Amino acid sequence: MTMNSDNRTTVRKTLLFICELFFSVYSIGQSPQCLSGRYADTALFDSTEIVVSQNIVYGHATHFLGGQDNELQLDAWYPDTSVDPIDLRPLIVLTHGGAFAAGNRSAMNFQCMEYARRGFVAVTISYRLGWNCDPNSGILLCGLCGPLQNNFRMAVYSAVQDHRAALRYLVDHQVEYGIDTNWIYAGGESAGSITSLASAFWDQQEADAFVPSASALLGGLNESGNNLTATYSIKGIVNNCGAVFNINDIDTSEDIPVISFHDQNDCVVPYANGSVLNCFNCTSFPAASGSSAIYNKQSSLDICTELNTVQLSLGHCTWPALYVVKRASCFIKRIQCGVCTNSTNFNIYASSPCAGLGVVVPPVSGCTYSNAVNYSPGATEDDGSCIFSGDNCPADLNYDHVVGVEDLILFIGAYGD
């Protein structure tokens, strides 16, 4: 969606007024991020109003294969503060896919832009890749990579370490990027979703159960990448064709809503239960529980969750990226507004309108011309009260600092017939 300058000006004035409502929002028990117009299926900002900060180093980590140092980087996308009066915005960290062997953080650029246009701070991260397997080896995958299951598990553990290091860095730099640390989300695609889910749901004991040798070699989940000690709480997960390795890692102590998108007959990451990378019956790879199992588990625990399914599809991560962003934004917004509900959906183009959810801002009358003496930045509709100085308003023909009937009479007398 592209807005003209007049519409954007109105939106900005509306947002300024929203800021003044923050105290009243607190008083009725809602989140200050439960705001009408933001974090919705429809975009709020134009792409030209989004700042992109690239190649930010958030840490260094040693790869478990070969011991080489990996520089860890991230890119951040967020509305320009000159057009967005909201000082603090929810954060969503997105992680790319690639079977923990390939891929690049730029794969999430489109999603980051779309989340930022909806008012988020959106970040895409790089993480340590590689486990001596070529995931494109096709039918040879079982023979070439099947014996490397422990390497795969180590790569997952490393990715989770890096994910947590990135979150610590972002919380530590919250002022720089305008992050509301009360509302942090994670997501991604395929291996990126697996990483986000494990980062959110694993404790050290559960991680050690998945790969017992990792912590001795690489350190604890929170002991890699950087020495920052910032704490945080993940409030929700956007799971696009990901899975957890033990469904019981999700329990009532971790009330973290998950919205999932998955192809029903996915053989790369199972929709329900099965082995990952199982398109050629590679059962030697770790068993996992995908989106359907996650939905059923969370539903049984009365944790808010949503499942979006591409029925009968043999594909992997085929849900259109824009519709993932639209539905996920509304899911997140409902979390922030305290009205999250469980649901399932089979229509990839189904709308999930939520722009009107949240604090409704009534129109505010006043002078909307910025060059007026009595300009009111909080006004959303002009009431004709603008007062201009003689220097900045050509229409003030009698120089009384007011544009009125007298000026119109002078104009008609000079130019009228």
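The values are calculated or read from the model by the stated rules, or taken from the named source; none is laboratory data. All values derive from a computational prediction rather than experimental measurement. Quick reminder, even Gly has a Cβ in these numbers, built from the backbone with ideal geometry, and neighbours come from all protein chains shown. For the accessible areas, the whole protein counts, side chains as well, though only heavy atoms, and no ligand, DNA or RNA atoms are used. Shrake-Rupley method; radii C 1.70, N 1.55, O 1.52, S 1.80 Å.
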Checklist entry - What distance in nm separates the simple spin-label points at ASN227 and ASN296, each placed 7 Å from Cα in the Cβ direction? => result 4.8 nm
Next on the checklist: Need the full-extension length gain, LEU408 to ALA350, defined as separation in residues times 0.36 nm minus the C-alpha distance. One decimal, nm.
Outcome noted: 15.6 nm
Checklist outcome for this item: One would report the antiparallel percent of DSSP beta bridges in the chain, rounded to the nearest 5, as 40 percent
Next on the checklist: Residue by residue through region 118-132, what is 3J(HN,Hα) from phi via Karplus (6.51 cos²θ - 1.76 cosθ + 1.60, θ = phi - 60°)? Round to whole Hz and write x for glycine and proline.
Outcome noted: 9, x, 8, 8, 10, 10, 10, 10, 9, 8, 4, 10, x, 8, 6
Checklist entry - Can you list the residues, at least 5 places off or on another chain, whose amide H is less than 5 Å from the amide H of ASN70, using H built in the peptide plane? => result ALA61, THR62, HIS63
Checklist outcome for this item: With all protein chains present and a 1.4 Å probe, the order of PHE152, PHE245, PHE346 from largest accessible area down is PHE346, PHE245, PHE152
Checklist entry - Hey, what's the chain come to in accessible area per residue, 1.4 Å probe, Å²? => result 42 Å²
Checklist outcome for this item: Counting sequence-distant residues (5 or more places) and residues on other chains, those with an amide H built under 5 Å from that of ILE387 are VAL373, ASN374
Checklist outcome for this item: Mean separation of Cα contacts under 8 Å (at least 6 apart) over the residue count of the chain, i.e. the relative contact order in percent, is 16 percent
Item to check | Spin-label model distance (nm) - ASP203 vs SER215, 7 Å beyond Cα toward Cβ | outcome: 1.1 nm
Checklist entry - Counting only residues 5 or more places away or on other chains, whose amide H sits under 5 Å from the amide H of GLY236 once H atoms are built in the peptide plane? => result ALA186
Checklist entry - Using alpha-carbon positions, what is the distance between the centroids of region 130-182 and region 50-64, in Å? => result 14 Å
Item to check | MRE, 222 nm, helices only [DSSP H, n ≥ 4, -39500 (n - 2.57), over the chain, to nearest 500] | outcome: -9000 deg cm²/dmol
Checklist entry - Residues with beta-carbon under 12 Å from that of VAL310, excluding VAL310: net charge, scoring Lys, Arg +1 and Asp, Glu -1? => result -2
Checklist entry - For the chain, which whole percent of the accessible surface, found with a 1.4 angstrom probe, sits on carbon and sulfur atoms? => result 53 percent
Item to check | Alpha carbon centroid spacing (whole Å) that separates region 339-356 from region 209-260 | outcome: 26 Å
Item to check | Solvent exposure ordering (accessible area, 1.4 Å, most first) of LEU410, LEU217 | outcome: LEU217, LEU410
Item to check | Length-normalised contact order for region 168-298 - Cα pairs under 8 Å, 6+ apart - percent | outcome: 25 percent
Next on the checklist: Please report the antiparallel percentage of the DSSP beta bridges confined to region 24-130, to the nearest 5.
Outcome noted: 75 percent
Next on the checklist: Number of Lys pairs in the chain with C-alpha atoms less than 23 angstrom apart, excluding same-chain neighbours closer than eight positions?
Outcome noted: 5
Checklist entry - What ³J(HN,Hα) values, in whole Hz, does the Karplus curve 6.51 cos²θ - 1.76 cosθ + 1.60 give for region 188-194 when θ = phi - 60°, with x put for Gly and Pro? => result x, 9, 6, 4, x, 6, 4
Checklist entry - Across region 246-262, in residue order, what do the Karplus-derived ³J(HN,Hα) couplings come to in whole Hz, using 6.51 cos²θ - 1.76 cosθ + 1.60 with θ = phi - 60° and x for Gly and Pro? => result 9, 4, 7, 5, 8, 9, 5, 6, 10, 7, 10, x, 10, 9, 10, 10, 7
